[in-house]
Amino acid sequence: MIQRQKLLGWILMLAVTCIGCQNNEMASVSMEEELSSKLNVNKAATDVSVNAYVDTSTYINSGFSFLNPSQIDKNRQAIGGNAYTEVYGFNIPEENRARGIRWNTDDETTSIWRPQGIAGFTKDGIRYLLVSWYAKDDAEYKGSRITLIDISPSSSTYLTYRHILLVQPDIPANTTTYSQYGSYAPLNVHAGGIAYFKGKVYLSSTNLGIRVFDLNKIIEVSTGDTTNDKCGKDANGNLFAFNYRYILPQIGYQKINNANPFSTIQVNDEGTQFWTGQYYAGSADPAIVPQVFGFPVDANGTLQNTGIVAVTPKNSLFTDNHAHGIQGVFRKGNRTWLSCTGSPSNSYGSNARLARYTDGADDTVRYRWPYGAESLYYESQYGYLWSLTEFEPNAGAQNGSQVNRCIFAVDFSKYE
């Protein structure tokens with residue numbers, strides 16, 4: 001009789017799911033998730049493959065001088081403190097907040113650039129964030145850029161930053177909105193996510209895979225900040241980059257087959273894999289099942305074509321129970337954290353969620369997450385999970401005339 005009671009009690013525990021909202025948690029941990037955390041249920045991504053690395057750096061092999069991040073003149077000042085909580089849809093509980101940054105007024109409100117990816121690193125004792133942006137509307141021809149931000153409170157250049165134009169060697173045949181010279185040209189990609197690994201930046205390229213940049217090969221443009229309608233190296237050796245003082249040239253890429261669209265990329269906590277995510281809106285065809293993929297990486301930062309794994313996160317907020325709207329991923333052990341937008345329901349002014357998925361579970365654990373949230377980056381030394389929001393005022397979205405754009409970090413231990 002005692003054994004029968006124990007069995008009934010165990011079945012009851014498995015059947016019960018707490019659906020209440022406890023402070024910041026949108027869905028509580030189910031017993032099934034706790035059980036599945038003991039299992040390794042990744043499946044091999046047998047139809048996904050990685051092509052060999054393609055070196056594209058020959059166009060910068062001569063005639064250029066290179067700089068590293070510590071040599072960059074950071075000409076803009078961000079705002080720290082609690083000001084970031086004033087942006088539209090910022091719904092993180094106060095006890096979970098760790099850091100917050102607002103751009104200067106021009107970057108906070110510009111409608112022709114939108115931030116997407118986030119990563120970070122430490123060099124010479126200085127902590128940096130990297131943020132990727134894509135150009136839109138009247139500036140679309142400028143392609144994409146990254147921003148280098150000093151986030152070390154003890155630094156003399158604390159919270160200063162500089163935008164750096166991303167370039168590549170393929171020169172367009174005809175341009176009508178600007179003058180294109182030789183050697184390099186804008187990189188016109190969505191720049192949805194970036195990762196940092198051993199001195200290099202890895203940019204998710206929607207349909208290609210990844211593009212690679214060496215942060216020790218930043219180039220200062222000889223014309224400085226004075227020319228807005230030219231790009232490339234002219235016959236006299238003058239370097240142009242619109243109104244940018246620095247460019248960061250692509251040095252290579254790897255094409256990934258059957259895992260696109262690549263909406264984001266990040267290094268896992270163990271430093272052994274790159275993880276990418278597929279963005280599909282919640283209104284996508286029910287036959288579309290978004291996945292995240294793990295690609296083993298060697299010591300040189302090259303993605304390997306063996307040991308690739310695929311995870312299919314569940315999310316009961318959507319009618320087909322799949323995790324749509326994936327904007328960012330972070331992987332630790334057998335759990336994946338997803339920054340997701342476009343939920344059918346709102347929470348404190350936001351339809352975004354931070355979703356934690358354990359391999360093999362039937363659902364995610366969901367937390368409040370700011371409106372318009374994009375990629376994820378884990379700063380392990382401090383236990384910070386960083387993200388950022390994208391929308392300028394009057395973006396044709398929920399925020400209306402209010403600013404939504406900021407960078408923020410949360411205490412990761414509250415979300416494990």
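The values are calculated or read from the model by the stated rules, or taken from the named source; none is laboratory data. Predicted model, so just to flag it, every value in this text is computed and none were measured. Glycine also receives a Cβ, built like all others from the backbone with ideal geometry; neighbour counts cover every protein chain displayed. With ligands, DNA and RNA removed, areas are computed over all heavy atoms of the protein, side chains included. Shrake-Rupley method; radii C 1.70, N 1.55, O 1.52, S 1.80 Å.
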>> For segment 198-226: of the residues being in contact with a Leu (Cβ under 6 Å, 6 or more places away or on another chain) and part of a loop (DSSP other than H, G, I, E, B), which is modelled with the highest pLDDT?
In response: Gly199
> Which one of Gly80, Gly63 is at pLDDT below 95, at positive phi and in contact with a strand residue (DSSP E or B) (Cβ under 9 Å, 6 or more places away or on another chain)?
Replying inline: Gly63
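In segment 125-144, what count of residues is obtained for those that are closer than 11 Å to Gly192 by Cα and open to solvent by 10 Å² or more (accessible area, probe 1.4 Å)? It would help to see each step written out before you state the result.
Residues of segment 125-144 closer than 11 Å to Gly192 by Cα: 131-134, 144.
Checking which are open to solvent by 10 Å² or more (accessible area, probe 1.4 Å) leaves us with 134.
Here the count works out to 1.
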> Among the residues of segment 161-182, which ones are β-branched (Val, Ile, Thr) and either surrounded by fewer than 19 Cβ atoms within 10 Å (Cβ to Cβ) or more than 22 Å from Leu215 (Cα to Cα) (or both)?
Replying inline: Ile171, Thr175, Thr176, Thr177
> Here are some residues: Ala287, Ala195, Ala259, Ala235. Which one is assigned to a loop (DSSP other than H, G, I, E, B), open to solvent by less than 40 Å² (accessible area, probe 1.4 Å) and hydrophobic (A, V, I, L, M, F, W, C)?
Replying inline: Ala259
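Yes/no per residue for (1) surrounded by fewer than 24 Cβ atoms within 10 Å (Cβ to Cβ); (2) assigned to a loop (DSSP other than H, G, I, E, B):
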| site | (1), (2) |
| --- | --- |
| Glu374 | no, no |
| Tyr377 | no, no |
| Gln381 | yes, yes |
| Trp386 | no, no |
| Asn394 | yes, yes |
| Gln398 | yes, yes |
| Ser401 | yes, yes |
| Asn404 | no, yes |
| Lys414 | yes, no |
> Can you find a residue in segment 327-350 that is under 18 Å from Ser283 (Cβ atoms), in contact with an Asp or Glu (Cβ under 6 Å, 6 or more places away or on another chain) and open to solvent by less than 10 Å² (accessible area, probe 1.4 Å)?
Replying inline: no
> If we scan segment 160-176, do we find a residue that is of a type in the set (A, V, I, L, M, F, W, C) and without any contact (Cβ under 8 Å) to a residue 60 or more places away in the chain?
Replying inline: yes
> Phe318: at pLDDT below 95 and either out of contact with any strand residue (DSSP E or B) (no Cβ under 6 Å at 6 or more places or on another chain) or open to solvent by less than 40 Å² (accessible area, probe 1.4 Å) (or both), yes or no?
Replying inline: yes
> Only one of these conditions is not met by Gly271: (1) closer than 16 Å to Ala195 by Cα; (2) surrounded by 15 or more Cβ atoms within 10 Å (Cβ to Cβ); (3) of a type outside the set (A, V, I, L, M, F, W, C). Which number is it?
Replying inline: (2)
> Residues in segment 200-222 that are over 17 Å from the mean Cα position of the chain (by Cα) and open to solvent by 10 Å² or more (accessible area, probe 1.4 Å): how many?
Replying inline: 5
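Mind listing whichever residues of segment 178-192 are part of a loop (DSSP other than H, G, I, E, B) and closer than 13 Å to Leu165 by Cβ?
Within segment 178-192, the first condition is being part of a loop (DSSP other than H, G, I, E, B), and the residues that meet it are 178, 181, 183-184, 187-192.
Result: Tyr178, Tyr184, Leu187, Asn188, Val189, Ala191.
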> Restricting the first residue to segment 318-336 and requiring it to be without any contact (Cβ under 8 Å) to a residue 40 or more places away in the chain and more than 18 Å from Gly372 (Cβ to Cβ), which pairs with a second residue that is assigned to a strand (DSSP E or B) and not hydrophobic (A, V, I, L, M, F, W, C) meet a Cβ separation below 9 Å and a spacing of at least six or different chains?
Replying inline: His322/Lys314
> Taking segment 74-109 on its own, how many of its residues are among the polar types (S, T, N, Q) and buried (at least 17 other Cβ atoms within 10 Å of the Cβ)?
Replying inline: 2
